[in-house]
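Read the structure below first, then the notes.
The values are calculated or read from the model by the stated rules, or taken from the named source; none is laboratory data. A quick note: this is a predicted structure, and the numbers were derived from the prediction, not measured. Backbone-built Cβ (ideal geometry, glycine too); neighbour counts: all protein chains shown.
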Amino acid sequence: MTQKRSARIAMGWKRISSQKRPAAGGEARERASFLEYREMEGGNMANEETIIQLKGMGKEFKTANGPVVALNDINLDIYRGEIFGIIGLSGAGKSTLVRCINMLEVPTSGQVLFEGENLAAMSEAERRMARQSMGMIFQQFNLLSQRTVLKNICFPMEIAKNHSYTKAEAKNRAMELLKLVGLEERAGAYPAQLSGGQKQRVAIARAIATNPKVLLCDEATSALDPNTTKSILQLLKQINRELGITVIVITHEMAVIEAICDRVAIIDKSHIAEVGKVAEIFSEPKSKIGRQLILGDAITNVKISHSRKIRIIFDGRESMEPVLANMILACKVPVNIMYASTRDVGGKAMGQMIIQLPEDEADAARALHYLKTVKIPFEEVRENDL
């Protein structure tokens, strides 16, 4: 994409996003405007403009036993309109990271830039205004038990400082959002009368009630069953695509990243281990923690014998293509599958497979020549490579 076209897209989207937000009854118009603009400019708005930037960010907690470093030298760019995943094991610093993004936790070093503005340099009032552009949903929903579903969604509009909503506007807006999340018939119910999935849908509607630019999701599906998790992820994807809201997903589940994210950062022991497009990370994780999260522990149990082994990398071929079967038929050589971990991501095969080549050097060379000819990436594997 040319710099000229990039600038035109960024200016056009700024123009749309700076228009006065519609009050009651305006959600459909706003959604249509975003979809029409994105289609006019040739698709996804992601990767065009950085909305959140973390520069050398660190967070340290003081305890009775001395300081504890939760985050160290975090550098990330998150683009407007994308779904960005942050994944790591328990205790890696994921939740602290997301709380630093909206300044619920103040970093002890570095900068958090939101639309180019340093949040730490703002006054408390300015920071509250910026925070209203970031909705947030939690693992335990955090609904107000004494309020109905409708009044829970109205609550952020009652306290909003950047827009004055009348009671009628707030109610109409809440009903629009309940329709969006599929719960309009439950407007008068209380949280105790809802299932876990319904509570999270209400929490999502509440989080986007004031038209935020960013939606932060901290382990939003961890307390849900697999079917409910799938429906919530589909809803988040719908909100991202239809409303243009940037979604940041914090999780420890690779299946969540695989299902909806455009890019992912892997965090390990307070550091960013690697970051990139989901397809690239899935096909060839470079860090040890990346291989552990994506490939699992089984790969460490692969036994290395004396014959040659290679790792075949699936980086976007059609998932229905029988790569290994085609090689065996073409070369007339047997191979031993020692380990495989592949996934279908949008109809493309992602992952890797370790195979043992025949001991006969001529047969092994024939198999390698075939892989080179059909342009399938591979690399030789030794014990310390696993």
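The table that follows gives values for the structure above.
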| quantity | calculated |
| --- | --- |
| Boolean, K237 is without any contact (Cβ under 8 Å) to a residue 60 or more places away in the chain and either among the charged types (D, E, K, R) or not in a loop (DSSP other than H, G, I, E, B) (or both) | no |
| Qualifying residues in the range 123-145 (those that are among the hydrophobic types (A, V, I, L, M, F, W, C) and modelled with pLDDT under 90) - the one farthest from A189 (Cα to Cα) | A125 |
| Subset tally (residues that are hydroxyl-bearing (S, T, Y) and closer than 18 Å to E185 by Cβ) for the range 146-174 | 1 |
| Residues located in the range 183-227, provided they are closer than 14 Å to V149 by Cβ and without any contact (Cβ under 8 Å) to a residue 24 or more places away in the chain | E184, E185, Q193, Q198 |
| Residue that is surrounded by the most Cβ atoms within 10 Å (Cβ to Cβ), among those in the range 161-193 that are among the small types (G, A, S) and in a loop (DSSP other than H, G, I, E, B) | A187 |
| Top-ranked residue of the range 117-128 - restricted to ones that are touching a helix residue (DSSP H, G or I) at 6+ places or on another chain (Cβ under 8 Å) and either aliphatic (A, V, I, L, M) or not in a strand (DSSP E or B) (or both), ranked as surrounded by the fewest Cβ atoms within 10 Å (Cβ to Cβ) | M122 |
| Output for the range 59-90, where each listed residue is aromatic (F, W, Y) and without any contact (Cβ under 8 Å) to a residue 60 or more places away in the chain | F61 |
| When residues of the range 231-265 are limited to those that are more than 11 Å from the chain's Cα centre (by Cα) and of a type in the set (V, I, T), the one farthest from S95 (Cα to Cα) | I239 |
| Subset tally (residues that are more than 38 Å from the chain's Cα centre (by Cα), surrounded by fewer than 13 Cβ atoms within 10 Å (Cβ to Cβ) and of a type in the set (D, E)) for the range 312-364 | 3 |
| Number of the condition not met by V264 [criteria: (1) surrounded by 23 or more Cβ atoms within 10 Å (Cβ to Cβ); (2) within 29 Å of K167 (Cβ to Cβ)] | (2) |
| F138 being surrounded by fewer than 22 Cβ atoms within 10 Å (Cβ to Cβ), within 19 Å of the chain's Cα centre (by Cα) and closer than 25 Å to R263 by Cα | yes |
| Among residues of the range 259-287, those that are touching an Asp or Glu at 6+ places or on another chain (Cβ under 8 Å) and either in a helix (DSSP H, G or I) or among the polar types (S, T, N, Q) (or both), counted | 7 |
| Some residue of the range 165-177 being closer than 12 Å to A207 by Cα and either touching a strand residue (DSSP E or B) at 6+ places or on another chain (Cβ under 6 Å) or of a type outside the set (K, R) (or both) | yes |
| Number of positions in the range 190-220 that are farther than 16 Å from P156 by Cα, touching a Lys or Arg at 6+ places or on another chain (Cβ under 9 Å) and not acidic (D, E) | 5 |
| Qualifying positions in the range 336-386 - touching a strand residue (DSSP E or B) at 6+ places or on another chain (Cβ under 9 Å), basic (K, R) and in contact (Cβ under 8 Å) with a residue 24 or more places away in the chain | R343, K348, R382 |
| Test: A255 is without any contact (Cβ under 8 Å) to a residue 60 or more places away in the chain, farther than 16 Å from N102 by Cβ and surrounded by 20 or more Cβ atoms within 10 Å (Cβ to Cβ) | no |
| Residue satisfying condition, being free of Cβ contacts under 8 Å to residues at least 40 places away in the same chain and aliphatic (A, V, I, L, M), within set L177, L119 | L119 |
| Verdict on E158 being acidic (D, E), over 20 Å from T50 (Cβ atoms) and either surrounded by fewer than 16 Cβ atoms within 10 Å (Cβ to Cβ) or at pLDDT 90 or above (or both) | yes |
| Those strands (runs of 3 or more DSSP E) lying entirely in the range 56-116 with at least 2 residues within 23 Å of V278 (Cα to Cα) and at pLDDT 90 or above | 66-79, 83-87 |
| Search result, residues across the range 256-273 that are aliphatic (A, V, I, L, M) and touching a helix residue (DSSP H, G or I) at 6+ places or on another chain (Cβ under 8 Å) | V256, I257, A259, I260, V264, I266, I267, A273 |
